[in-house]
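Please read through the structure below; I'll follow up with questions.
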Amino acid sequence: MIVQNRLEPPAQPFAALRKMSAQIGRDPMLVQAAGGNTSVKHGDVMWIKASGTLLADAVAKDIFVPVDLPDMQKALQANEPRADRPAEFLIPGSSQLRPSIETSLHAVFSQAVVVHVHCVHTLAHAILENRETLLAQRLEGFEWALVPYAKPGANLARIVRGLLEENPKIDVIILGNHGLIVAGDSVEETHQLLNKVHEKLAISPNADAKVDLVGLQSLASGSAYELPYYLPLHQLALDEKRVQQAIFGSLYPDHVIFCGIAATALNPNETLDQAAQRVVATGAPPPVFVIVPECGVLMRKDASSGAIALMRCLTDVLSRVSVDAELIYLSTEQNLELLDWDAEKYRQALNAK
């Protein structure tokens with residue numbers, strides 16, 4: 001009788017998983033900062049990306065941890081609170097890292113390989129009021145389902161599990177205001193499916209408008225802000241309707257985690273310091289970036305790599321959405337539960353540099 005070594009990942013699929021994970025992790029159109037996760041099941045163990053690690057590091061570093069798959073599935077089925085504490089399912093003696101906060105989401109799929117990304121093209125559909133109609137047109141021929149926004153964790157996993165029980169053929173899940181999940185029986189099959197969905201949902205960005213770099217540099221002089229590295233970010237400021245889309249609210253979880261709720265725009269005759277003080281007065285930290293209407297965008301000099309990645313994501317998403325589109329935003333309650341979530345504080349701390 002061969003006894004499975006639960007601390008040893010399966011050689012072939014694991015090597016392929018690491019390679020694919022690193023590839024998609026380097027593509028900002030699929031993954032930003034510590035977002036996204038991948039997994040492979042082997043016997044009664046599921047190897048999944050650790051919380052706060054980067055998919056881009058999948059080949060260079062040990063970012064995957066083993067969890068007890070049957071125990072996680074049992075906890076989900078019994079509605080046990082511990083299903084929302086993935087660290088409790090870590091195989092003893094395996095790692096000091098915590099499993100992804102979305103471990104339960106991977107556990108509900110029968111397929112061996114699961115990939116979850118925050119695909120820009122998916123988000124550009126998943127934030128729209130008419131998303132179901134548009135997705136049905138784009139994803140004709142796929143076995144897919146749309147799940148309205150729910151906080152990442154066991155509750156979301158149970159919702160997805162219910163859909164999979166109704167239709168076991170589903171291998172594509174669009175998470176409203178969140179992202180994309182694809183599943184398959186091999187790494188190659190799952191990667192191909194990811195690419196197909198990504199291509200089907202592809203949207204070209206709107207044309208760029210002219211940026212007032214001189215005015216921005218003058219405004220930033222002597223402040224805690226500077227010009228961003230990603231020049232398309234300025235497009236958030238160059239259409240009044242686009243500015244309103246950005247500042248009205250938050251469109252997906254990782255923006256809240258890394259950039260705070262919504263975005264901040266400079267009011268007429270307001271300085272950057274005054275804008276920052278206005279935000280701080282609400283109990284929030286100074287904004288990591290400020291939209292200067294009709295000029296461009298400035299970001300804090302001490303912005304983390306995660307914040308910079310999510311600034312770019314907002315631009316990449318909104319540049320693929322009509323300025324007249326009706327958008328779905330996270331509610332105040334949904335924003336606050338993300339900011340007051342210990343699991344997200346842990347992930348952000350690991351990704352703070």
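Starting from the amide H of Val59, placed 1.01 Å from N in the peptide plane, find each other amide H under 5 Å away whose residue is 5 or more places distant or on another chain.
The list, which skips near neighbours in sequence, is Ala22.
Using Cα positions and a limit of under 26 Å, work out the lysines in reach of Lys19, with same-chain residues fewer than 8 apart set aside.
Lys41, Lys49, Lys61, Lys196, Lys200, Lys353
List the residues whose amide H sits under 5 Å from the amide H of Gly52, counting only those 5 or more places along or on another chain, with H placed 1.01 Å from N in the peptide plane.
Result for Gly52 returns nothing.
Over 28 Å, how big is the tail of the calculated P(r) for segment 11-200, in percent of all Cα pairs?
Percent of Cα pairs beyond 28 Å in segment 11-200: 17.
Using a 7 Å offset from the Cα along the Cα-to-Cβ direction at both Glu240 and Phe14, what is the distance between the two label points in nm, to one decimal?
Output for this residue pair reads 5.9 nm.
Sort the following peptides by mean Cβ neighbour count (other Cβ atoms within 10 Å, averaged over residues), highest first: 214-227, 280-293, 256-269.
By packing density, highest mean first, the sequence is 256-269, 280-293, 214-227.
Determine the gain in length on full extension of the stretch Asn130-Asn206; use 0.36 nm per residue of separation and subtract their C-alpha separation, reporting nm with one decimal.
25.4 nm
Here's another thing I want to ask about it. Using Cβ contacts closer than 10 Å as the measure, can you line up Glu199, Glu132 from fewest to most?
By the 10 Å Cβ count, ascending: Glu199, Glu132.
So in the chain, what percent of DSSP beta bridges are antiparallel if you round to the nearest 5? Present the calculation step by step, with values, prior to reporting the outcome.
On the way: 31 of 37 bridges.
If we restrict to bridges inside the chain, about 85 percent are antiparallel.
So, in nm, how far is label Asn269 from label Asn5 when the simple model puts each one 7 Å beyond its Cα toward the Cβ?
7.3
So for His234, His116, fewest C-beta neighbours within 10 Å to most, what's the order?
His234, His116
If you don't mind, another one. Describe numerically, in nm with one decimal, the distance between label points set 7 Å from Cα along Cα→Cβ at Asn155 and at Asp44.
Spacing of the two 7 Å Cα→Cβ label points: 3.1 nm.
According to the Kirkwood expression over distinct Cα-Cα pairs, how big is the hydrodynamic radius of segment 213-350, in Å?
15.2
Out of [x] 5, 25, 33, 23, 11, 3, 0, 0; [y] 5, 22, 29, 23, 14, 5, 1, 0; [z] 5, 24, 35, 28, 7, 1, 0, which label holds the value of P(r) over Cα pairs in 10 Å bins from 0, in percent that was computed here?
Correct label, based on the coordinates given: [x].
For segment 213-350, what relative contact order do you get, as a whole percent, if you take Cα pairs closer than 8 Å and at least 6 residues apart? Don't skip to the end; give the middle numbers.
Details: 190 pairs, mean separation 45.7, N = 138.
It rounds to 33 percent for segment 213-350.
May I pose another question? Could you give the length gained on full extension between Leu231 and Leu339, defined as 0.36 nm per residue of separation minus the Cα-Cα distance, in nm?
The Leu231-Leu339 span can extend by a further 36.0 nm.
While we're on this one: Before anything else, pin down the relative contact order of segment 22-116: Cα pairs under 8 Å, at least 6 apart, normalised by residue count, whole percent.
Computed over segment 22-116, the figure is 31 percent.
Give me the percent relative contact order of the chain, please, defined on Cα pairs under 8 angstrom at least 6 residues apart.
The value is 18 percent.
Starting from 0.36 nm per residue, how many nanometres of slack lie between Glu80 and Asp185 once their C-alpha separation is accounted for?
Length gained, Glu80 through Asp185: 35.0 nm.
A short reminder: the numbers here are calculations on the coordinates, not readings from a lab. Keep in mind it's a predicted model, so treat the numbers as computed, not measured. Quick reminder, even Gly has a Cβ in these numbers, built from the backbone with ideal geometry, and neighbours come from all protein chains shown.
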